[in-house]
Amino acid sequence: MDTIVKLGKIDRRVLYILMVVLLLWPLIKPLGLPVSVSSWTKQAYEKIDNLKAGDRVIIDFNYPAAGMADVHPQTVAIFNHLMKRNVRVVAIAFVDQGATIADTLIRSWEAQGKKYGEDFVHLGYLAGGETAMAAFVRDIPKAVPTDYRGKPVSSRPIMEGLKTAGDAQMLMYFTTSLLPETWIRQTSQWKMPIIGGVITVMGPQGEPFLQSGQLAGLLVGMRCGAEYEIMSKAPGPAVAAMDAQSIGHLLIIVFIIFGNIAYFAERQGRKRSGL
């Protein structure tokens, strides 16, 4: 009993070190803890998996670096899926930092042999919020005459025949702040499938639009990124992060239980000592 009381008074810095070590472990060497796949992720995966080689998808990188932890794993998993299926991607950003994020992802696939201008194109950052979105969907070449690399969009083979958003087969947005009705409102005339990827707290905002069919799919938070990796049979950083998160939650529960045991043991010891 005395040992339990002594362990209950252990320096909190030791607990912090233990927490850091156990969180880093699965990030370096993923454990592959089981993650169930939600119906939302399955729905999004099936919609994307039904796209044909050569189809074009517009992706809005609508999040800053600060939101990458929750949203970026979804983006990477889906982008990888599209590239493996030879679906072409037209990237656009209505958040300034989103342009840099899109460029990094595109260059990683360029290094693997995909061709810029044919397999994907980056249209850069378009300022103006929903007003800019409205101009973009109605006349893409006019709204974005040059791409992120400074070349006329008309010179890129992927842009041939792509004048409006309705000329693409799907639109996706990944965001930390954009409301789902924004893209739904702007593309309503074409009734094109829209898939959203959002941070965890925005899930409830998108659910009604998913149930009504206005969204063809919805991914929520890092967990859905991990689920999509599992569906794609390509476990990656999201699955590793979920391992770390699960271990972190388990360790906190152990700390709480052990702290309470130590507290009651100490109180019983005081009673026996007459204190």
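The values are calculated or read from the model by the stated rules, or taken from the named source; none is laboratory data. Values in this document were obtained by computation on a predicted structure and should not be read as measured data. Please note: Cβ atoms are built from the backbone with ideal geometry, for glycine as well, and neighbour counts cover all protein chains shown.
Quick check: anything in the stretch 126-138 assigned to a loop (DSSP other than H, G, I, E, B), touching a Phe, Trp or Tyr at 6+ places or on another chain (Cβ under 7 Å), of a type outside the set (S, T, N, Q) and closer than 30 Å to M222 by Cβ? Scanning the stretch 126-138, I find at least one residue that is assigned to a loop (DSSP other than H, G, I, E, B), touching a Phe, Trp or Tyr at 6+ places or on another chain (Cβ under 7 Å), of a type outside the set (S, T, N, Q) and closer than 30 Å to M222 by Cβ, so the answer is yes. Residue count for the stretch 198-225 under the criterion of being in contact (Cβ under 8 Å) with a residue 60 or more places away in the chain, touching a Ser or Thr at 6+ places or on another chain (Cβ under 9 Å) and part of a helix (DSSP H, G or I): the result is 5. Taking the criterion of being farther than 20 Å from S232 by Cβ, among the hydrophobic types (A, V, I, L, M, F, W, C) and in contact (Cβ under 8 Å) with a residue 40 or more places away in the chain, the residues of the stretch 54-68 that qualify are I58, A66. With respect to the conditions (1) within 21 Å of S188 (Cα to Cα); (2) under 24 Å from the mean Cα position of the chain (by Cα); (3) not charged (D, E, K, R), V121 falls short on a single one, namely (1). Out of curiosity, is P157 in contact (Cβ under 8 Å) with a residue 40 or more places away in the chain, surrounded by fewer than 14 Cβ atoms within 10 Å (Cβ to Cβ) and not small (G, A, S)? So P157 passes the test. Among the residues of the stretch 183-203, those that are over 20 Å from Y45 (Cα atoms) and surrounded by fewer than 20 Cβ atoms within 10 Å (Cβ to Cβ) comprise R185, Q186, S188, Q189, W190, V201. Which residues, taken from the stretch 31-60, are in a loop (DSSP other than H, G, I, E, B) and under 12 Å from A216 (Cβ atoms)? Across the stretch 31-60, the qualifying residues are N50, L51. Suppose we keep only residues that are surrounded by fewer than 16 Cβ atoms within 10 Å (Cβ to Cβ) and in contact (Cβ under 8 Å) with a residue 12 or more places away in the chain within the stretch 241-251. Which one would you say is farthest from I10 (Cα to Cα)? Among residues in the stretch 241-251 that are surrounded by fewer than 16 Cβ atoms within 10 Å (Cβ to Cβ) and in contact (Cβ under 8 Å) with a residue 12 or more places away in the chain, the one farthest from I10 (Cα to Cα) is S246.
For (1) assigned by TED's automatic domain parsing to the domain that holds T75; (2) in contact with a helix residue (DSSP H, G or I) (Cβ under 8 Å, 6 or more places away or on another chain); (3) buried (at least 20 other Cβ atoms within 10 Å of the Cβ); (4) of a type in the set (G, A, S), each residue gets a yes or a no:
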position	(1), (2), (3), (4)
Q205	yes, yes, no, no
Q211	yes, no, no, no
L215	yes, yes, yes, no
L219	yes, yes, yes, no
C224	yes, yes, yes, no
I253	no, no, no, no
F258	no, yes, no, no
F264	no, no, no, no
R267	no, no, no, no
